[in-house]
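A.B. asks: Below you will find the structure I want to go over with you.
The values are calculated or read from the model by the stated rules, or taken from the named source; none is laboratory data. All values reported here derive from a predicted model rather than from experimental measurement. Cβ coordinates were reconstructed from backbone atoms using ideal geometry, including for glycine residues, and neighbour counts include every protein chain displayed. All accessible areas refer to the heavy atoms of the entire protein, side chains included, with ligands and DNA or RNA removed. Shrake-Rupley method; radii C 1.70, N 1.55, O 1.52, S 1.80 Å.
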Amino acid sequence: MNCMQFLSFNMFRTIGIKTEHAKSDYHFDSLGKIAQADVILFPEYWQIHSIIYGMKKPIFPSAATFHLGHDKIEMTRIFQTVIPENIPRTGIYGKNEFTVTRVLEEFSFPFVAKTVRSSMGQGVHLIKDQADWDKYVASHETFYIQEYIPNEKDLRVVVIGDKVLAAYWRVGGAQFLNNVAQGGVLDFENIPQEALDFVLALAKRLDIDHAGFDLIFRDDHIYVLEFNVFFGGEGLNHLGIHAPDTILEYVERKYGSS
């Protein structure tokens, strides 16, 4: 195999891959390096259009991964299109005097309200009463509302390339959140194979090649909450998995002959 040339804009996530490095702050000073590279690894979101449309360079993660994972609205709309029976009932509203009331007509307490762009459990609120709702309304211009599905744990499924790299339960974090960043603990036992198959099929359908999918279950039915492009590495570290090895193998296989 010919030696491919890579350019990485995220040193941490490409440790172990032989690559040039650059900082996104110096994007326009790095155009020569971008032109010489075969694949661009982990650009910032604001860079990707210039790279894939202007420079005609492939990127990892894929453009679809960035676009669909950029905010919860884009993500939810694609889920409502392709897996409508596997997401919690969701409403997305622009803020005005009518929608402030409409949400309470369509969702009963408690319900979940989210910030459109957030991760690690931040920006996720359990709205238990009118006071909680008033506080959320005061600080958000877009209302992202979901039914509350009680759960003691959720399942994180990590997809890199075209395979499931790892899966683990996150159990009992702060309030109703199971994220490790919110105090959840990891459990690697009794992972349902049907959930792994479901996530991998979804990722392949949407061309998502670097994501941590979060699932919950109600009466053995799978619900996808969201996916995070830049997911935490605690579970992979615990399993002794070095993600860049899989990234390199996948990128070389996908783009090596192009």
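A.B. asks: For region 62-77, state whether one or more residues are modelled with pLDDT under 95, within 24 Å of F6 (Cα to Cα) and part of a loop (DSSP other than H, G, I, E, B).
C.D. replies: yes
A.B. asks: Do we have F217 as among the hydrophobic types (A, V, I, L, M, F, W, C), surrounded by fewer than 17 Cβ atoms within 10 Å (Cβ to Cβ) and either at pLDDT 95 or above or more than 24 Å from L41 (Cβ to Cβ) (or both) here? Explain how you work it out, then say what you get.
C.D. replies: Values: among the hydrophobic types (A, V, I, L, M, F, W, C): yes; surrounded by fewer than 17 Cβ atoms within 10 Å (Cβ to Cβ): yes; either at pLDDT 95 or above or more than 24 Å from L41 (Cβ to Cβ) (or both): yes.
Yes; evaluated as a whole, the condition is true for this residue.
A.B. asks: Kindly indicate whether any position in region 52-59 is loosely packed, with under 13 Cβ neighbours inside 10 Å, in a helix (DSSP H, G or I) and over 17 Å from the mean Cα position of the chain (by Cα). Spell out how you get there, then give the answer.
C.D. replies: To start, the set of residues in region 52-59 that are loosely packed, with under 13 Cβ neighbours inside 10 Å comprises 53-54, 56.
Narrowing the set further to residues that are in a helix (DSSP H, G or I) leaves 53-54.
Imposing the further condition that a residue be over 17 Å from the mean Cα position of the chain (by Cα) reduces the set to 53-54.
Looking for residues that are loosely packed, with under 13 Cβ neighbours inside 10 Å, in a helix (DSSP H, G or I) and over 17 Å from the mean Cα position of the chain (by Cα), one finds at least one in region 52-59, hence yes.
A.B. asks: If you take the residues in region 107-148 that are basic (K, R) and either buried (at least 19 other Cβ atoms within 10 Å of the Cβ) or under 23 Å from the mean Cα position of the chain (by Cα) (or both), which one is modelled with the highest pLDDT?
C.D. replies: Initially, region 107-148 is screened for residues basic (K, R), giving 114, 117, 128, 135.
Cutting the leftovers down to either buried (at least 19 other Cβ atoms within 10 Å of the Cβ) or under 23 Å from the mean Cα position of the chain (by Cα) (or both) gives us 114, 117.
Working: K114: 92, R117: 75.
My answer is K114.
A.B. asks: Among (1) assigned to a loop (DSSP other than H, G, I, E, B); (2) crowded, with 20+ Cβ neighbours inside 10 Å; (3) out of contact with any strand residue (DSSP E or B) (no Cβ under 7 Å at 6 or more places or on another chain); (4) not polar (S, T, N, Q), which single condition is P43 missing?
C.D. replies: For P43, the exception is condition (3).
A.B. asks: Being more than 15 Å from the chain's Cα centre (by Cα) and touching a residue at least 24 places away in the same chain (Cβ under 8 Å) is the filter here, so list the residues in region 193-215 that pass it.
C.D. replies: E194, A195, L196, F198, R205
A.B. asks: Which condition from (1) outside any strand (DSSP E or B); (2) farther than 28 Å from I247 by Cα; (3) open to solvent by 40 Å² or more (accessible area, probe 1.4 Å); (4) of a type outside the set (K, R) is the one that I92 breaks?
C.D. replies: Only one criterion is unmet by I92, namely (1).
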